[in-house]
Amino acid sequence: MVIRVINYSEKEVEARTVKSIRECTSYIGKGVTWIDIKEPTLTVIHELGEYLNLHQLVVKELTKPHGRSHYEDFGTYLFIVVMIPRYDRQRIHVSRVSMIMSKDYVLTIQHQPTHVFEPIVERLTTTGTRIRKMGTDYLLYVIIDSVVAQVFPILEKLGEHIDRIEDELVVNPTTRTLERIHRLRRELLIIRRNVWPLREILYNMVETESPLIKEQTIPYLRNSYGHVVDILDIVETQHETMGEMLDVYLSSVSNRMNEVIKMLTIIGTIFIPLTFITGIYGMNFNTRVSPWNMPELNWYWGYPIIMGVMAVIAGGMMVYFKRRGWI
């Protein structure tokens, strides 16, 4: 567990790692305080509920490592849960971040540690940035916007995979191609399922009448709302593209199977008359009983003649199929 406290104003900033919740709360009321806790224990969460006077339902929610994104207004503070998609080792993983914002502090709890907030820390330590001049509502916006912004690189990587699959579909689709298509579709659904609630959260924050969110912060929240809509549009487009790829793959496999069946049918058709001829000469009628009992069995060149006739028939059929465009 790591507890980091950043207390700042327009003129100064103090960032440090502390060992207890009591140390965190000692900063509250002295400017804007951001408390960031990674992998908290149950004891720490209950201490937070006691020191910050949180509702017991909120404390219960803070103990859950997984769940669904949602937004609640408790009057003196806002409670927000967001699920952060991460792209790690060619897979989509989801981390939960719980946020509480009041007029004096912002609390973030990372149940699975991420590095998504590090750029915000750098901005806070830089003099003259907008974030240093604004309040807790703007800090909350920056945190949520950083979650939204890091989804775009994930979609870009997935787009690169989609391009490679498109090339593979044209050249040589295999069962591995089908597996990759299904995997990407599942990952896009994971992103959509976890980003979609953010749209509702940001909409509620934009339309809220809570005094905790100032009018000057609304345009920034509305901008993040637009980014979420853009993400969902991209996800829908990529998901439709994957569906079309699946159709192309199935069509390609079907066409390839049809080609194989056609070739086998042609080979079988060619051998039908050859089988007929060999079947006739396999009856072995006795030529000494009747001159009509296959007299060609006694011909000196009988075998080469029959083989030649069979070759001519097979070659003629191949030429005929070729001219008709069947092969």
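My understanding is that a pair violates if its Cα-Cα distance is over 23 Å; which of Lys38/Lys214; Lys11/Lys38; Lys103/Lys133; Lys11/Lys103 do that in this structure?
On the way: Lys38/Lys214 28 Å; Lys11/Lys38 28 Å; Lys103/Lys133 14 Å; Lys11/Lys103 19 Å.
In this structure, Lys38/Lys214; Lys11/Lys38 exceed 23 Å between Cα atoms.
Percent relative contact order of the chain, based on C-alpha pairs within less than 8 angstrom and at least six residues apart?
Numbers: 373 pairs, mean separation 42.8, N = 327.
Dividing the mean separation by the residue count of the chain yields 13 percent.
Once the Cβ-Cβ distance between Tyr51 and Thr175 is put in as r, and R0 is 45 Å, what FRET efficiency do you end up with, to the nearest 0.05? Intermediate values should be presented prior to the final figure.
On the way: r = 57 Å, r/R0 = 1.26.
It comes to 0.20.
Do me a favour and compute the ellipsoid semi-axes for the range 22-115 from its Cα gyration tensor, root of five times each eigenvalue, largest one first, whole Å. Before the final figure, lay out each step's value.
Values: eigenvalues 111, 40, 33 Å².
One finds semi-axes of 24, 14, 13 Å for the range 22-115.
Do you know the relative contact order of the range 91-145, to the nearest whole percent, from alpha carbon pairs under 8 angstrom that are 6+ apart?
Numbers: 46 pairs, mean separation 17.7, N = 55.
Answer for the range 91-145 is 32 percent.
Exposure proxy check: Met99, Met1 ranked by fewest other beta carbons within 10 Å?
Details: Met99 20, Met1 11.
Ranking Met99, Met1 by Cβ neighbours within 10 Å, fewest first, gives Met1, Met99.
For the range 262-323, what Kirkwood radius comes out of the mean inverse Cα-Cα distance, in Å?
Details: mean 1/r = 0.0760 Å⁻¹.
One decimal place: 13.2 Å for the Kirkwood radius.
In whole angstrom, how far apart do the alpha carbon centroids of the range 135-151 and the range 250-327 sit?
With the range 135-151 and the range 250-327 each reduced to a Cα centre, they are spaced 77 Å.
With the Cα gyration tensor of the range 149-255 in hand, convert its eigenvalues to equivalent ellipsoid semi-axes via √(5λ) and list them largest first in whole Å.
Details: eigenvalues 293, 25, 17 Å².
Output for the range 149-255: semi-axes of 38, 11, 9 Å.
Taking neighbour counts of Cβ atoms within 10 Å as a proxy for exposure, in what order, fewest first, do Leu124, Leu48, Leu189 appear? Write out the running numbers ahead of the final one.
Working: Leu124 19, Leu48 23, Leu189 14.
Ordered by Cβ neighbours within 10 Å, fewest first: Leu189, Leu124, Leu48.
Please report, in whole Å³, the volume per residue of the convex hull around the C-alpha atoms of the chain. Please report the intermediate quantities before stating the final value.
Details: hull volume 69.5 nm³, N = 327.
Given the Cα convex hull of the chain, per-residue volume reads 213 Å³.
Under a crude label model (7 Å from the Cα following the beta-carbon direction), how far is Leu189 from Thr126 in nanometres?
4.1
Sort Phe117, Phe152 by Cβ crowding within 10 Å, fewest neighbours at the top.
Working: Phe117 20, Phe152 13.
Lowest count first: Phe152, Phe117.
Of the beta bridges DSSP finds with both residues in the range 2-253, what % are antiparallel, to the nearest 5? Can you show the working numbers first?
Numbers: 34 of 40 bridges.
That works out to approximately 85 percent antiparallel.
For Thr63 and Ile327, what does the FRET efficiency come to when R0 = 56 Å and r is the distance between their Cβ atoms, rounded to the nearest 0.05? Mind dumping the intermediate values first?
Details: r = 69 Å, r/R0 = 1.24.
The value I calculate is 0.20.
Quick check on the chain: helices-only [θ] at 222 nm, where DSSP H runs of length 4 and up contribute -39,500 (n - 2.57) each and the sum goes over total residues. Nearest 500, please.
Working: 10 runs with 187 residues, N = 327.
Result for the chain, helices only: -19500 deg cm²/dmol.
Provide, for q = 0.18, 0.21, 0.23 Å⁻¹, the log10 of I(q)/I(0) from a solvent-free Debye sum over equal Cα point scatterers in the range 205-327.
Debye intensities relative to I(0), on a log10 scale: -1.02, -1.14, -1.23.
Rule-based calculations on the coordinates, nothing more; no lab input. If you're wondering where the values come from, they're calculated on a predicted model, not measured in any experiment. A quick note on method: Cβ atoms are made from the backbone with ideal geometry, for glycine too, and the neighbour counts reach across all protein chains shown.
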